[in-house]
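Have a look at the structure below before the remarks.
The values are calculated or read from the model by the stated rules, or taken from the named source; none is laboratory data. Just so you know, these numbers come straight off a predicted model, no measurement behind them. Glycine gets a Cβ as well: all are built from the backbone with ideal geometry, and neighbour counts include every protein chain shown. To get the accessible areas, we keep the full protein, side chains included, count just its heavy atoms, and leave off ligands, DNA and RNA. Shrake-Rupley method; radii C 1.70, N 1.55, O 1.52, S 1.80 Å.
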Amino acid sequence: MEFTVNVYHATAQFPRHELYGLTQQLRRAAVSVPSNIAEGKGHRSDREFANFLLHARGSLLEVQTQLMIAEQLQYLSRDEANRLQLLSDAIGRSLNSLINSMRGNAHQAKGQRLATND
């Protein structure tokens with residue numbers, strides 16, 4: 001959520017004509033990252049949670065792309081864009097680890113069910 005707040009602060013400096021363009025798109029994608037994690041955590045199975053984590057990762061990749069666009073349009077300084085990219089990279093690594101962990105749990109559970117049925 002801290003990353004999302006950082007994106008909101010950064011986009012507050014965007015030109016007014018981008019309010020319903022890149023500003024809104026970046027903010028929505030940034031909000032989608034923690035929202036998908038929270039929603040997925042509320043589901044009962046690891047498989048469902050993993051799917052929501054994949055959506056969160058997709059939103060994060062969308063944010064990363066939009067940050068690069070914002071930098072190229074000079075809406076963000078290179079330093080600010082790099083700072084946000086570094087934060088998003090760290091979040092991406094955490095998401096990937098969690099996704100891999102969920103997938104491992106799903107495979108273990110499937111293996112246990114197969115062994116029980118034998």
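Quick rundown of the values:
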quantity: Three-way shape label, the range 1-40, alpha-carbon gyration tensor, a/c 1.5; calculated: oblate
quantity: Label point distance in nm, Val5-Lys41, each placed 7 Å from Cα along Cα→Cβ; calculated: 1.6 nm
quantity: Per residue value of the accessible surface for the chain (all protein chains in place, 1.4 Å probe), Å²; calculated: 66 Å²
quantity: Among (1) 14.8; (2) 15.5; (3) 13.7, the entry derived from the coordinates for Kirkwood radius over Cα pairs in Å; calculated: (2)
quantity: Sequence of Asp89, Asp79 from largest to smallest accessible area, 1.4 Å probe; calculated: Asp79, Asp89
quantity: Efficiency of FRET between Ala90 and Glu48 - r from beta-carbon atoms, R0 22 angstrom, step 0.05; calculated: 0.30
quantity: Gain in span if fully extended, His17 to Arg103, counting 0.36 nm per residue against the direct Cα distance; calculated: 26.7 nm
quantity: Fraction of accessible area attributable to carbon and sulfur, the range 12-74 (%, probe 1.4 Å); calculated: 49 percent
